[in-house]
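Some notes on the structure that comes next.
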Amino acid sequence: GALALLGIFIMPFIWSIPLALMTAELSTLIPESGGHIVWIDRGLGPFFGCLNCVFSAFTNAFDNALYPVMFCDYLEEALFAYTQSDFSDTTSFMLRLSIVLLTCALNIRGADIVGAASVIFGFLVIS
């Protein structure tokens, strides 16, 4: 209830703003591609830089695998909210596969199209 709303309004000030300021400062200080992996490598040495790289790769692999599944579940809930039906296993698999292929194609095309697509997907999520 009220505590959750309070958390939603306070969290950006406790977590997001300091993280954004830290990222802006380190990006200015170390203007290289690689982000936090380069920062950890420079600050803590190659061992922790390697650990950070491996842990980030695992995190991205498992985290990004959730999004097609969540999208299908949310779409299924939105389309079939008042009925007892749902997607067949084949339809669900094909929808998830098409989402993965679409995002792969966007990433292959480059950062500019990924940014534009992110804005469009953001508006779709908000609406």
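The values are calculated or read from the model by the stated rules, or taken from the named source; none is laboratory data. Computed from a prediction, not measured in an experiment: that's the story for all the values here. Ideal geometry is used to build each Cβ from the backbone, glycine not excepted, and the neighbour counts take in all protein chains shown. Accessible surface areas use protein heavy atoms only, side chains included; no ligands, DNA or RNA. Shrake-Rupley method; radii C 1.70, N 1.55, O 1.52, S 1.80 Å.
State yes or no: is Ile30 in contact (Cβ under 8 Å) with a residue 12 or more places away in the chain, of a type outside the set (Lys, Arg) and touching a Gly at 6+ places or on another chain (Cβ under 7 Å)?
On the way: in contact (Cβ under 8 Å) with a residue 12 or more places away in the chain: yes; of a type outside the set (Lys, Arg): yes; touching a Gly at 6+ places or on another chain (Cβ under 7 Å): no.
Here the answer is no, as Ile30 does not meet what is asked.
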| said: Of the conditions (1) surrounded by fewer than 14 Cβ atoms within 10 Å (Cβ to Cβ); (2) of a type outside the set (A, V, I, L, M, F, W, C); (3) in a helix (DSSP H, G or I), Pro31 satisfies every one except a single condition; which number is it? | reply: (3)
| note | Per the filter on the range 69-112, residues surrounded by 12 or more Cβ atoms within 10 Å (Cβ to Cβ) and assigned to a loop (DSSP other than H, G, I, E, B) are Phe80, Asp86, Phe87
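Within the range 113-125, take every residue that is more than 20 Å from Leu66 (Cβ to Cβ) and among the β-branched types (Val, Ile, Thr) and give me the one that is most open to solvent (accessible area, probe 1.4 Å).
Within the range 113-125, the first condition is being more than 20 Å from Leu66 (Cβ to Cβ), and the residues that meet it are 113, 115-116, 119-120, 123.
Now restrict to residues that are among the β-branched types (Val, Ile, Thr): 113, 119-120.
Values: Ile113: 64, Val119: 81, Ile120: 101 Å².
Only one residue tops the list, namely Ile120.
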